[in-house]
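Working notes, structure below.
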Protein chains: 2
Amino acid sequence: MALALGQARLAFDLGEVPVGAVTLVDGRVLAARHNQREGAGDPTAHAEMLVLRDTANVLGGWRLSVVTLVVTLEPCPMCAGALVASRLGRLVYGANDPRAGACGTLYNLCADPRLNHEVPVTSGIRSEECSNLLTSFFADRRAR
Amino acid sequence: MALALGQARLAFDLGEVPVGAVTLVDGRVLAARHNQREGAGDPTAHAEMLVLRDTANVLGGWRLSVVTLVVTLEPCPMCAGALVASRLGRLVYGANDPRAGACGTLYNLCADPRLNHEVPVTSGIRSEECSNLLTSFFADRRAR
């Protein structure tokens with residue numbers, strides 16, 4: 001989560017909503033990315049989507065069942081759907097997202113037996129730091 | 001939908017699950033893509049995700065509120081989430097997806113007032129052709 005927070009801080013400095021994500025296999029980091037929707041002008045460029053694509057590239061295929069993804073904020077429906085679609089091994093996240101969280105808050109796409117994969121989830125890791133970064137970002141924006 | 005079906009047939013010929021998508025603004029086609037998860041080895045490479053990214057690239061930004069996306073199959077949670085995240089103007093799809101459909105079947109992510117955007121949806125366009133293509137694809141696979 002320290003690495004994911006580092007990525008989120010990079011996003012903050014670039015004027016992007018500060019969310020960061022990393023992937024690991026057996027404790028080894030495979031990829032680390034941050035949200036870059038504004039910079040890339042890409043609606044799908046959330047940290048989780050970018051790190052999933054990098055990871056699939058490193059591993060040479062789309063099935064990521066050996067991978068743990070660590071992200072600072074609870075994934076939205078798009079990203080939670082992508083975790084299921086990639087057959088992710090495990091999700092670890094920091095802060096809950098009351099506005100769009102899809103891994104327990106508004107939806108729980110990671111634990112739906114009707115879909116073709118379920119993802120074990122651990123949440124609440126360093127959630128205050130993850131959440132404070134987002135709160136500062138939006139407070140800064142409103143103050144402008 | 002004819003163009004989206006053409007893309008789905010291209011996917012079929014490449015051994016990819018045959019789903020195709022196109023985007024339009026005022027009747028003008030902006031992008032056309034098909035599913036290429038296997039070929040690209042990318043878990044996020046559904047037709048809708050690829051066509052959204054191409055479209056944002058053409059329009060120079062991630063807000064796609066003037067865009068209509070036409071796809072042969074009801075979007076999954078990842079893709080439906082991406083339509084919401086891109087503030088899409090309208091979704092038109094062919095066949096319902098009883099296994100993963102997230103625009104009315106298992107979920108309706110396009111019509112959730114808790115999320116920050118709702119997408120008007122028209123469904124059932126040439127649904128039999130869209131669905132038959134998928135049925136043939138999976139029948140072919142099982143026969144191998």
- Query: For the range B:43-70, how many residues meet the condition of being among the hydroxyl-bearing types (Ser, Thr, Tyr) and either open to solvent by 10 Å² or more (accessible area, probe 1.4 Å) or farther than 13 Å from A:PRO43 by Cβ (or both)?
  - Reply: 2
- Message: Would you confirm, using the coordinates I've provided, whether B:ALA32 is of a type outside the set (Val, Ile, Thr), assigned to a loop (DSSP other than H, G, I, E, B), open to solvent by 20 Å² or more (accessible area, probe 1.4 Å) and more than 14 Å from A:ASP42 (Cα to Cα)?
- Response: no
- Query: Only one of (1) farther than 16 Å from A:ALA85 by Cα; (2) part of a helix (DSSP H, G or I) is not met by B:PRO113, so which one is it?
  - Reply: (2)
- Whichever residue in the range B:1-29 is acidic (Asp, Glu) and assigned to a loop (DSSP other than H, G, I, E, B) and, among such residues, is most open to solvent (accessible area, probe 1.4 Å): B:ASP26
- Select from the range A:116-135 the residues that are within 17 Å of A:ARG87 (Cβ to Cβ) and exposed (fewer than 14 other Cβ atoms within 10 Å of the Cβ) and write down the one among them that is modelled with the highest pLDDT. A:PRO120
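For (1) over 11 Å from B:THR23 (Cβ atoms); (2) in contact with a Ser or Thr (Cβ under 8 Å, 6 or more places away or on another chain); (3) among the polar types (S, T, N, Q), each residue gets a yes or a no:
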site: B:HIS34; (1), (2), (3): yes, no, no
site: B:ARG37; (1), (2), (3): yes, no, no
site: B:THR44; (1), (2), (3): yes, yes, yes
site: B:LEU69; (1), (2), (3): no, yes, no
site: B:VAL84; (1), (2), (3): yes, no, no
site: B:ASP97; (1), (2), (3): yes, yes, no
site: B:LEU109; (1), (2), (3): yes, no, no
- Message: Could you check the range B:86-101 and list, in sequence order, the residues that are more than 8 Å from every other protein chain (Cβ to nearest Cβ), among the aliphatic types (A, V, I, L, M) and surrounded by 20 or more Cβ atoms within 10 Å (Cβ to Cβ)?
- Response: B:LEU88, B:LEU91, B:ALA95
- Considering the range A:71-85 alone, what residues qualify as being within 9 Å of the chain's Cα centre (by Cα) and open to solvent by less than 10 Å² (accessible area, probe 1.4 Å)? A:VAL71, A:THR72, A:GLU74, A:PRO75, A:CYS79, A:ALA80
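The values are calculated or read from the model by the stated rules, or taken from the named source; none is laboratory data. What you see is a predicted model; the values in this text were computed from it and never measured. Counting neighbours? That spans all protein chains shown, and the Cβs are built from the backbone with ideal geometry, glycine included. Remember, those area values only see protein heavy atoms, side chains included, never the ligands or the DNA or RNA. Shrake-Rupley method; radii C 1.70, N 1.55, O 1.52, S 1.80 Å.
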